[in-house]
1. Full-extension gain between A:I509 and A:D103, please, as 0.36 nm times their residue separation minus the C-alpha to C-alpha distance.
2. Could you tell me, in Å, what Rg and Dmax come out for the Cα atoms of segment A:472-564?
3. Among A:L69, A:S124, A:G332, whose Cα sits farthest toward the positive end of the charge dipole of chain A (+1 at Cβ of Lys/Arg, -1 at Cβ of Asp/Glu, about the Cα centre)?
4. Convex hull over the alpha-carbon atoms of segment A:185-296: what's its volume per residue in Å³?
5. Tell me, what is the 1.4 Å probe accessible area of A:K59, in Å² to the nearest 10?
6. Show me the three semi-axes of the equivalent ellipsoid for segment A:241-381, from the C-alpha gyration tensor (sqrt of 5 times each eigenvalue), largest first, rounded to whole Å.
7. Give me the percent of DSSP beta bridges within segment A:241-381 that run antiparallel, rounded to the nearest 5.
8. For segment A:215-297, with all protein chains present and a 1.4 Å probe, just round the carbon and sulfur fraction of the accessible area to a whole percent.
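The values are calculated or read from the model by the stated rules, or taken from the named source; none is laboratory data. All of these numbers come straight from a predicted model, not from anything done at the bench. No Cβ is skipped: glycine too gets one built from the backbone with ideal geometry, and neighbour counts run over all protein chains shown. Accessible surface areas use protein heavy atoms only, side chains included; no ligands, DNA or RNA. Shrake-Rupley method; radii C 1.70, N 1.55, O 1.52, S 1.80 Å.
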Amino acid sequence: MRASKFFMPTLKETPSEAEVPSHIYLLRAGFIRKVASGIYDFLPLGFRVLKKIENIVRKHMDEAGALELLLPILTPAELWKETGRWDVYGKELFRLKDRHDRDFALGPTHEETITDLVRKNIRSYKDLPFNFYQIQTKFRDEARPRYGLIRGREFIMKDAYSFDTSEQMAIKSYELMKETYHRIFKELGLNYLMVEADVGAIGGKFSHEFVVLAANGEAHIVYCENCGYAANVETASYEFELDRLPPEEEKPLEKVYTPNVKSVEEVAKFLGVDIKKVVKTLIYILDDGTAVAVAIRGDREVNETKLLNYFKALDAHLASPQELEELGLVEGFVGPIGLDIPVYVDRSVEDLHNFVVGANEKDYHYINVNIPRDFKPVEFVDFSTARKGDPCPICKSPLEETTGLEVGHIFLLGTKYSQAMRAYFVDKDGKEKPIVMGCYGIGISRLIAASVEQNHDKNGIIWPESIAPFRLHILALNTKDKNIMQTCEKIYEKAKQKGIDVLLDDRDISAGAKFKDADLIGIPYRIVVGKALKEGKIELQRRDGTLKELVDVSLTDNILEKIKG
RNA sequence: CGGAGUGUAGCUCAGGUGGCAGAGCACGUGCCUUGGGAGCACGGGGUCGCAGGUUCAAGUCCUGCCACUCCGACCA
């Protein structure tokens, strides 16, 4: 491709809408343009990267035996109502009506659609297993689109769905996808972690996320460098035995005056005790309106995902001051003793002795509280959020904490959708059984941003070879110099013959501008033809800075072979 | 959904107290120039987000709306 005939509108300045590196550089280098909040054009450069990522994903999915197909974006409400997700999915689901006033949704994911296809066309165990996938545009009416391609309202995903005759077989399909995902992310040149994850609203038995390590990611993960344990903090565990305080003899319960002392820090300071001996009692209101009390040690944070899963709730929120008042409670002085609300106790409080709690009375706390002498919990539950330094649940080494971008998520769905939609097959024993499903997503467009987050410097993008829009960038520094132009043309033609994706910058602009654009766009290999040609030399460079050398022009063939890789 | 901010040329932004709509970059033409976003000259380019109001006069003041961005809530 000749730059003079190509469309790559670069920007010298950063558009005010962009904050993070991937957004800034993808805009500036001419890969994307914004159409509306969370909605983008892919320009030729961006489209090339998109296609390269798609093809890598496609290759590995095909090799794993998955079958590509294409499902509609526009889906009838009836399908969503069958599984209840028309209501459950909430405002994130893009909804619209046709001229007959019938409800439709733009698909954010396709469990219902694919299950509908399968139930209509599969009858027997002999028809299974299958793994279907598609690469397609998805929609989510995000509350807050952000960071360019990282969180859009329209985005491109690869989604796959496996159908098996038993959970055992489904786990095999799941494991195969897990291996396939490792191959894909490795080939994409990403620094990533596979972590244990919560299934969230998709549902299912268990799941793993593939997280690209990046400062601007929304995924919080903990991991163990020693044994390899890694999990999203939503679901992460830790070895709490090691975090316990030594046993003590029980002292008599005592109510103490703590005027205007509310927060855990204030209470610990006021009473002169370790924050670990102050227990906070949090009142949550579940989505069905039920109030529950959660007692947790002062130094730990409640993990709301664990809370939702335990109570099988879709939503829960901390009681507001008004709600507390309606329950007859005083903000800052809530405690489990004499409480009408059922008290669930985090395991951090198990075996804790002589601790402090609110007295459910303004300006009073109890000290020397002990279980079960002073109150009886409904149950001890793991409600706490793991954090850096906690002992690994597997090997007890200190956990590390980091953030990343979720670019892949695999779920063992089980029979949630097949049962709801009656996708049954007749097994060998003649009995009708629900198909066991798995689903497997990869955020294709988000991967473009994820890669840039990991691969850039102050001058622009540094693409990994596998997904770069071009492999070789030839800079003709002076287009008026016939010798330079002829040399560039020769190199360009030879590169094309060898099947190298090559971009020749033959535009009549200053040398400096070409270097700036080249750095911004980030093509891995660069051949610079300029002044040194007078001595018969051209310059071979790598965008990542690992190579910059003058080479005799007669060695062009060797260089191109090397670049071809 | 709560909080904050922004909206003026393609981009980045300036336009106290109301009084002829600007700069840099980008763009066009010409000359000149070609190793890190060159120089000179001339030129084109505006529904000042939209609607209403106050006023002799509104980019500027008032009201409402819209869009975008950031923080938070939320986030298969």
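1. 140.7 nm
2. Reported Rg and Dmax, both Å: 11.9, 31.
3. It is A:L69.
4. Per residue, the Cα convex hull of segment A:185-296 comes to 229 Å³.
5. Looks like 90 Å² after rounding.
6. Calculated on Cα positions only, the semi-axes equal 23, 18, 13 Å.
7. In segment A:241-381, approximately 70 percent of DSSP beta bridges are antiparallel ones.
8. Percent of accessible area from carbon and sulfur atoms in segment A:215-297: 50.
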